[in-house]
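Asks: I have a structure here, written as structure tokens, and I will follow up with some questions on it.
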Amino acid sequence: MISLRVNGKWRDVDASDDKPLLWVLREDLDITGPKFGCGVAACGACTVHIDGEAVRSCSLPVSAAEGKQIVTIEGLAAGSTLHKVQKAWIDHDVPQCGYCQAGMIMAVAALLKDKPKPTDADINDTITNICRCGTFQQVRAAIHAAANA
Ligand code: FES
Ligand code: FES
């Protein structure tokens, strides 16, 4: 049994130590915001926060997250108040199909925590998430809007 703290709640999971965190979230805890894209830490669709850092959960064994603070897109808002990144996403109509967007938002939220006013170079270096719909220009505009909110 593994104890995980997800979105502020302790959850016990009967899973093997090496099961990827993504699949524990989706299959064992029914938390489906984090998505499966590539499974090899390349696309970012599965991004969550662990102790405030953006982590690609498809490539992290669940045992590495034990006892840490895990936040998924479901836990990013403060109650009914959206995170400023979520608000900027809505204002800029960023999502198209939406598949990559939860991971994208989580990566951006972590970036803004570390760098409240990121440059385009910071964004290029940090937000390496892949969007097959090509929302990159809207993503960039929304990041700058959130930084200035
Ligand atoms: S599914 Fe995790 S990085 Fe692509
Ligand atoms: S919005 Fe469709 S993959 Fe990004």
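Asks: In the stretch 86-109, is there at least one residue being away from ligand 1 (no atom under 16 Å from the Cβ) and within 29 Å of Lys19 (Cα to Cα)?
Replies: Yes, that holds for at least one residue.
Asks: If I go through the stretch 33-70 residue by residue, how many of them are within 16 Å of ligand 2 (Cβ to nearest atom) and under 18 Å from Lys9 (Cα atoms)?
Replies: Number satisfying all stated conditions: 2.
Asks: Let me ask something additional. Tally up the residues in the stretch 110-139 that are among the aliphatic types (A, V, I, L, M), farther than 18 Å from Ala77 by Cα and either buried (at least 19 other Cβ atoms within 10 Å of the Cβ) or within 16 Å of ligand 1 (Cβ to nearest atom) (or both), please.
Replies: Going through the stretch 110-139 one residue at a time, the tally reaches 4.
Asks: Okay, next question. Among (1) crowded, with 20+ Cβ neighbours inside 10 Å; (2) within 10 Å of the chain's Cα centre (by Cα), there is one condition Leu76 misses while meeting the rest; what is its number?
Replies: Every condition holds for Leu76 apart from (1).
FYI, it's all coordinate maths here, none of it is from the lab. For clarity, every value in this text was computed on a predicted model and none was experimentally measured. We place every Cβ from the backbone using ideal geometry, glycine too, and count neighbours over all the protein chains shown.
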